[in-house]
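Encoded as structure tokens, the structure appears first; notes follow it.
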Amino acid sequence: SQQGEEDPQALSIQEGENATMNCSYKTSINNLQWYRQNSGRGLVHLILIRSNEREKHSGRLRVTLDTSKKSSSLLITASRAADTASYFCATGPTGANNLFFGTGTRLTVIP
Amino acid sequence: DGGITQSPKYLFRKEGQNVTLSCEQNLNHDAMYWYRQDPGQGLRLIYYSQIVNDFQKGDIAEGYSVSREKKESFPLTVTSAQKNPTAFYLCASSNQGTRHGYTFGSGTRLTVV
């Protein structure tokens, strides 16, 4: 399978703490993207990191990419109850015309 | 406002019926995609289209059909050949394939009754 695998499958933290979730993949990629999904809703694009980038920031989000280990991490700092959602990584493999999504990490932020 | 609209939000299908899920976008995106999501699982690609009048099968195309007669529209038909159609269906669009993020619709929840 070309899908990424997120780890952990579920994560529960207190408001104000940082949340880290990881994504591993199998093929060479052009880019890796992170999405958020609130329960019963569509996915929302959060951030894209290209294969020649190692780190990227957007507000409280920090994404790293290690192409030698075929892995990425998403850090959400100073979490809020509103961050409660499922987070998916998606890879854009080299030569492919579509993204491959992982199985997601379910984040619960306790107020 | 630009966006992607899926309808209906909820759909009930009887055994042996075909049903069509609508997906419309006004973002002027070339590519459109259909994904299926089962409870607690990731997204699996059903079909995608990079250009009008052309589409390709994804990983789980059996029992589904699509058309792309207009750039704005990419309807998905769930046929009676799809034996386990109960799922959450998501439509997405993008500009320049995977080089940018996808924009997703809000989904259609299909239930077989």
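What follows draws every value from the coordinates through simple rules; no lab data is involved. These figures come from a predicted structure and were not determined experimentally. Note that we place each Cβ from the backbone using ideal geometry, even for glycine, and neighbour counts take in every protein chain shown.
Residue by residue, here is whether (1) of a type in the set (A, V, I, L, M, F, W, C); (2) surrounded by 14 or more Cβ atoms within 10 Å (Cβ to Cβ); (3) more than 11 Å from every other protein chain (Cβ to nearest Cβ) holds:
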{"residue": "B:22", "(1), (2), (3)": "no, yes, yes"}
{"residue": "B:25", "(1), (2), (3)": "no, yes, yes"}
{"residue": "B:42", "(1), (2), (3)": "no, yes, no"}
{"residue": "B:60", "(1), (2), (3)": "yes, yes, yes"}
{"residue": "B:64", "(1), (2), (3)": "no, yes, yes"}
{"residue": "B:68", "(1), (2), (3)": "no, yes, yes"}
{"residue": "B:76", "(1), (2), (3)": "yes, yes, yes"}
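Identify all residues within segment B:3-37 that are among the polar types (S, T, N, Q) and more than 22 Å from residue B:98 (Cβ to Cβ); write none if there are none.
Quick first cut of segment B:3-37, residues among the polar types (S, T, N, Q) only: B:5-7, B:17-18, B:20, B:22, B:25-26, B:28, B:37.
Once the filter is applied, which keeps residues that are among the polar types (S, T, N, Q) and more than 22 Å from residue B:98 (Cβ to Cβ), segment B:3-37 yields B:5, B:7, B:17, B:18, B:20, B:22.
Anything in segment A:50-72 that is among the small types (Gly, Ala, Ser) and either surrounded by 14 or more Cβ atoms within 10 Å (Cβ to Cβ) or closer than 15 Å to residue A:33 by Cβ (or both)? List them, or say none. Steps first, answer last, please.
Keep residues of segment A:50-72 that are among the small types (Gly, Ala, Ser), which gives A:51, A:58-59, A:68, A:71-72.
Result: A:51, A:58, A:71, A:72.
Confirm whether residue A:48 is within 9 Å of chain B (Cβ to nearest Cβ) and more than 10 Å from the chain's Cα centre (by Cα). Give the steps one after another, and end with the answer.
Working: within 9 Å of chain B (Cβ to nearest Cβ): yes; more than 10 Å from the chain's Cα centre (by Cα): no.
Criteria not met by residue A:48.
How about segment B:1-34: which of its residues are assigned to a strand (DSSP E or B) and among the hydrophobic types (A, V, I, L, M, F, W, C)?
If we filter segment B:1-34 for residues that are assigned to a strand (DSSP E or B), which is where we start, we get B:4-7, B:10-13, B:19-25, B:31-34.
Matches in segment B:1-34: B:4, B:11, B:12, B:19, B:21, B:23, B:31, B:32, B:34.
Taking the stated definitions as given, is residue A:41 touching a Lys or Arg at 6+ places or on another chain (Cβ under 8 Å) and either free of Cβ contacts under 8 Å to residues at least 24 places away in the same chain or closer than 28 Å to residue B:107 by Cβ (or both)? Steps first, answer last, please.
Working: touching a Lys or Arg at 6+ places or on another chain (Cβ under 8 Å): no; either free of Cβ contacts under 8 Å to residues at least 24 places away in the same chain or closer than 28 Å to residue B:107 by Cβ (or both): yes.
Considered against the rule, which asks whether it is touching a Lys or Arg at 6+ places or on another chain (Cβ under 8 Å) and either free of Cβ contacts under 8 Å to residues at least 24 places away in the same chain or closer than 28 Å to residue B:107 by Cβ (or both), residue A:41 comes out as no.
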